[in-house]
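The values are calculated or read from the model by the stated rules, or taken from the named source; none is laboratory data. Since the structure is predicted, the reported quantities are computational estimates derived from the model, not experimental observations. Every residue, glycine among them, receives a Cβ derived from its backbone with ideal geometry; neighbour counts consider all protein chains shown.
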Amino acid sequence: MFVYKSLKNGISVRLDLPPGGSTFVVFGKKTSAGAMDLSAPDKVKDDASLPPARVVALDERSGLMHCWRNGRYTLTDGKGRKDHVTVKGLPAPRILDGQWKVKFDPKWGAPAEIKLRKLISWTDHDNAGVKYYSGSGFYTRALDVPAAMLARKRRVSLDLGDVRALAEVFVNGKSAGVLWKAPFRADITDLVKPGVNALKIEVMNLWINRLSGDMKLPPEKRFCRTNIVKPSWRIQPAGLLGPVRLMSSVLVQVDRGGK
């Protein structure tokens, strides 16, 4: 079953390819009888901060949709048959504001630990060791997960917002995976429990920041060795910039009765 989504200026198609894989997608003048158009109300489609709904599985009798927003969704096949799914009760994303602890490796010039009342780039910090730090920074805090977010068929994800340059998420000591490109989002459903959880996010930035800082130091105080004498380097934004959000979604069964 071929599933696509009609957009204002075109068509969106989900493709699952192996590493290095490729495929041809050809659209004819007529819609295939086996094709499905997934549409949602405007208030659902226009929220760019949430992932779009997608069809996880589909056959002639049933299907499974992954939805991130409340609303009424419609699947339309090539014969004009429509199947409707209504999602309700999903809570809005929760921003993790408040204090974060960040640990660094002091061997590279930064203090062992700092506290941030809000997320900022390391390059905006007053401490020069943080400003020019390159390497790993470990963000920690408590993560409170309401029991309602873990209801049957619901999924819980952690969206990191902006990250410079890559991150690995740990919940209760277990990794939820490495995130190296946008969207920096990890499914943590199987790692969290209702109530308070331990959250750690390891962020690694670019080496250019430490090299740039070294150029401002006398040779005997530099942390790196390089044969580049007069580089035109500029420090780059670094760290967890956020906003970090706890997000809820749900897997919804589709009864393909048709109308």
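In the set Ser134, Ser175, which member is of a type outside the set (Val, Ile, Thr), surrounded by 15 or more Cβ atoms within 10 Å (Cβ to Cβ) and assigned by TED's automatic domain parsing to the domain that holds Phe104?
On the way: Ser175 fails: surrounded by 15 or more Cβ atoms within 10 Å (Cβ to Cβ).
That would be Ser134, the only listed residue that is of a type outside the set (Val, Ile, Thr), surrounded by 15 or more Cβ atoms within 10 Å (Cβ to Cβ) and assigned by TED's automatic domain parsing to the domain that holds Phe104.
The single condition from (1) more than 21 Å from Ala142 (Cβ to Cβ); (2) touching a residue at least 24 places away in the same chain (Cβ under 8 Å); (3) touching a helix residue (DSSP H, G or I) at 6+ places or on another chain (Cβ under 7 Å) that Ile208 fails is (3).
Does Asn172 satisfy the criteria of being over 20 Å from Asn205 (Cβ atoms) and of a type in the set (S, T, N, Q)? Against the criterion (over 20 Å from Asn205 (Cβ atoms) and of a type in the set (S, T, N, Q)), Asn172 qualifies.
For Thr226, the conditions (1) touching a strand residue (DSSP E or B) at 6+ places or on another chain (Cβ under 9 Å); (2) among the polar types (S, T, N, Q); (3) surrounded by fewer than 18 Cβ atoms within 10 Å (Cβ to Cβ) are fulfilled apart from (1).
Go through the residues of region 184-196 one by one and say whether even a single one is in contact (Cβ under 8 Å) with a residue 60 or more places away in the chain and buried (at least 20 other Cβ atoms within 10 Å of the Cβ). No: zero hits. On the basis of being within 25 Å of Trp68 (Cβ to Cβ) and assigned to a loop (DSSP other than H, G, I, E, B), does Lys193 make the cut? For Lys193, the condition - within 25 Å of Trp68 (Cβ to Cβ) and assigned to a loop (DSSP other than H, G, I, E, B) - is met. Suppose the filter is among the charged types (D, E, K, R), on the phi > 0 side of the Ramachandran plot and surrounded by fewer than 18 Cβ atoms within 10 Å (Cβ to Cβ); does Lys153 pass it? Yes: the conditions hold for Lys153.
Here is a yes/no grid of residues against (1) more than 22 Å from the chain's Cα centre (by Cα); (2) part of a strand (DSSP E or B); (3) buried (at least 19 other Cβ atoms within 10 Å of the Cβ); (4) at pLDDT below 85:
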| position | (1), (2), (3), (4) |
| --- | --- |
| Asp47 | no, no, no, yes |
| Pro52 | no, no, no, yes |
| His66 | no, yes, no, no |
| Leu90 | no, no, yes, no |
| Lys101 | no, yes, no, no |
| Lys115 | yes, yes, no, no |
| Ile120 | no, no, no, no |
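Would you confirm, using the coordinates I've provided, whether Asn227 is more than 25 Å from Ala92 (Cα to Cα), assigned by TED's automatic domain parsing to the domain that holds Thr140, outside any loop (DSSP other than H, G, I, E, B) and of a type in the set (S, T, N, Q)? No. Listed conditions (1) modelled with pLDDT under 95; (2) part of a strand (DSSP E or B) are all met by Gly213, apart from (2).
Could you tell me whether any residue of region 124-143 is among the hydrophobic types (A, V, I, L, M, F, W, C), under 18 Å from Asp97 (Cβ atoms), in a strand (DSSP E or B) and out of contact with any Phe, Trp or Tyr (no Cβ under 9 Å at 6 or more places or on another chain)? Give the derivation first.
Residues of region 124-143 that are among the hydrophobic types (A, V, I, L, M, F, W, C), as a first pass: 128, 130, 138, 142-143.
Next, only the ones that are under 18 Å from Asp97 (Cβ atoms) stay: 142-143.
Cutting the leftovers down to in a strand (DSSP E or B) gives us 142-143.
Still in the running and out of contact with any Phe, Trp or Tyr (no Cβ under 9 Å at 6 or more places or on another chain): 142-143.
Yes; the residues of region 124-143 include at least one that is among the hydrophobic types (A, V, I, L, M, F, W, C), under 18 Å from Asp97 (Cβ atoms), in a strand (DSSP E or B) and out of contact with any Phe, Trp or Tyr (no Cβ under 9 Å at 6 or more places or on another chain).
The number of residues in region 196-210 that are in a helix (DSSP H, G or I) and among the basic types (Lys, Arg) comes to 1.
Scan region 128-166 for residues that are at pLDDT below 95 and of a type in the set (Phe, Trp, Tyr) and the total you get is 0.
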